[in-house]
Amino acid sequence: MAVTIDDVRHIATLARLGLTDARAAAIVAELNTILGHMDELAKVDTAGVEEAIGVGAEGLPVRADKGPPFPLARSLDAFAPSVRDGFLLVPRLSTHESPEEA
């Protein structure tokens, strides 16, 4: 089932949104792309696949990390600007700072 320009305009009217013709056309394309992905997912054979039930605040159980780590071709210091205890350090995004921190 595809979304039409009339569908988008109708929903925009119900939501009291003002959309330009260009933006409405872009939304139609985006929604139809999403629906296309859903069609592809619907084709996946899930017979015999156990449902993921009981997923809640505690999350899914995690299996043990087995086996040796994969060696890197170069050390972390060779391509990471900052490393501490084997972790890459990245600068905080300005969008994640509170006004008090800035």
(Q) Using only Cα atoms and rounding to the nearest 10 degrees, what angle (0 to 90) does helix 21-42 make with the longest principal axis of the chain? (A) 60 degrees
Q. Say the dipole of the chain comes from +1 at the beta carbon of Lys and Arg and -1 at that of Asp and Glu; which of Asn32, Val90, Ala64 then lies farthest toward its positive end?
A. Val90
**Q.** Charge tally in the Cβ shell below 14 Å around Leu17, where Lys, Arg are +1 and Asp, Glu are -1, Leu17 excluded
**A.** +1
Q) The list (i) 5.6; (ii) 10.1; (iii) 15.0 gives values of mean projected area of the Cα convex hull in nm², and only one came from this structure; which label was calculated from it? A) (iii)
**Q.** Low-density loop positions, trypsin sites (Lys or Arg not before Pro), region 1-77 - DSSP coil, at most 13 other Cβ in 10 Å
**A.** Arg16, Lys43, Arg63, Lys66, Arg74
(Q) Quick check for me: using +1 on Lys/Arg Cβ and -1 on Asp/Glu Cβ, what's the dipole size of the chain about its Cα centre, in debye to the nearest 20? (A) 240 debye
Q. What's the carbon and sulfur percent of region 1-91's accessible surface, probe 1.4 angstrom, rounded to a whole number?
A. 61 percent
Q: With everything on Cα atoms, drop me the angle between helix 5-14 and the longest principal axis of the chain, reported from 0 to 90° to the nearest 10.
A: 90 degrees
Q) Counting only heavy atoms of protein chains, what accessible area per residue, in Å², does region 1-70 have with a probe of 1.4 Å? A) 92 Å²
Q: Report, by chain and number, residues whose modeled amide H sits under 5 Å from the one on Val83, excluding near sequence neighbours (fewer than 5 apart, same chain).
A: Leu89
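The values are calculated or read from the model by the stated rules, or taken from the named source; none is laboratory data. This is a predicted model, so every value here is computed, not measured. Every residue, glycine among them, receives a Cβ derived from its backbone with ideal geometry; neighbour counts consider all protein chains shown. Calculation scope for accessible area: heavy atoms of the full protein, side chains included, ligands and nucleic acids excluded. Shrake-Rupley method; radii C 1.70, N 1.55, O 1.52, S 1.80 Å.
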